[in-house]
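S.K.: I have a structure I would like to understand better, so I am pasting it below and will then ask my questions one at a time.
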Amino acid sequence: MHPLVILEHLGLALIGLFFVWGGLNHFRVFREVRAMLVERHWPFPGFIVVVASLWEAAAGAVLASGLYTAWAALALILFVALASLLLLDFWNQTDEARAASLNAFLLNVAVTGGLILAMALALE
């Protein structure tokens with residue numbers, strides 16, 4: 001196997017497992033995540049946490065497997081975009097909360113760049 005193919009698979013596995021961990025970890029801190037959505041007046045917060053967490057973990061597992069890479073990357077790009085825009089509203093915050101949300105938002109932008117690269121490699 002060519003070294004670049006090995007690196008591609010390693011990269012997909014690392015990015016994918018990041019999302020698997022994130023999705024599964026939401027179940028460990030379910031009460032806290034649900035409370036955050038309740039505080040923001042979201043309807044059906046528990047249901048949303050479950051669906052979003054399963055979406056994140058499943059798409060991450062598919063990406064890590066190297067199967068359907070473009071579709072998995074697209075699903076994760078949509079997940080990250082929605083989570084960033086809906087939960088990391090740094091533009092509505094001040095001081096330390098603003099800085100923390102802005103940093104998380106920018107990290108999500110960088111992760112999205114990696115997902116776009118994964119999609120591009122799958123489609124070449």
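The values are calculated or read from the model by the stated rules, or taken from the named source; none is laboratory data. For clarity, every value in this text was computed on a predicted model and none was experimentally measured. FYI the Cβ positions are ideal-geometry reconstructions off the backbone, even for glycines, and counts take in every protein chain you see. The protein model used for the area step is the full one, side chains on, heavy atoms only, and it has no ligands, DNA or RNA in it. Shrake-Rupley method; radii C 1.70, N 1.55, O 1.52, S 1.80 Å.
S.K.: Determine, yes or no, whether A57 is within 16 Å of V80 (Cα to Cα) and open to solvent by less than 50 Å² (accessible area, probe 1.4 Å).
M.R.: Yes; evaluated as a whole, the condition is true for this residue.
S.K.: While we're here: Return the residue satisfying two criteria in turn: it lies in segment 82-124 and is farther than 16 Å from G16 by Cα and among the small types (G, A, S), and of such residues it is surrounded by the most Cβ atoms within 10 Å (Cβ to Cβ).
M.R.: It comes out as S84.
S.K.: In segment 33-77, what count of residues is obtained for those that are closer than 30 Å to I6 by Cα and touching a residue at least 24 places away in the same chain (Cβ under 8 Å)?
M.R.: Qualifying residue count, segment 33-77: 21.
S.K.: Test L117 against the criterion of being at pLDDT below 95, out of contact with any Pro (no Cβ under 7 Å at 6 or more places or on another chain), of a type outside the set (K, R) and assigned to a helix (DSSP H, G or I), and give yes or no.
M.R.: So L117 fails the test.
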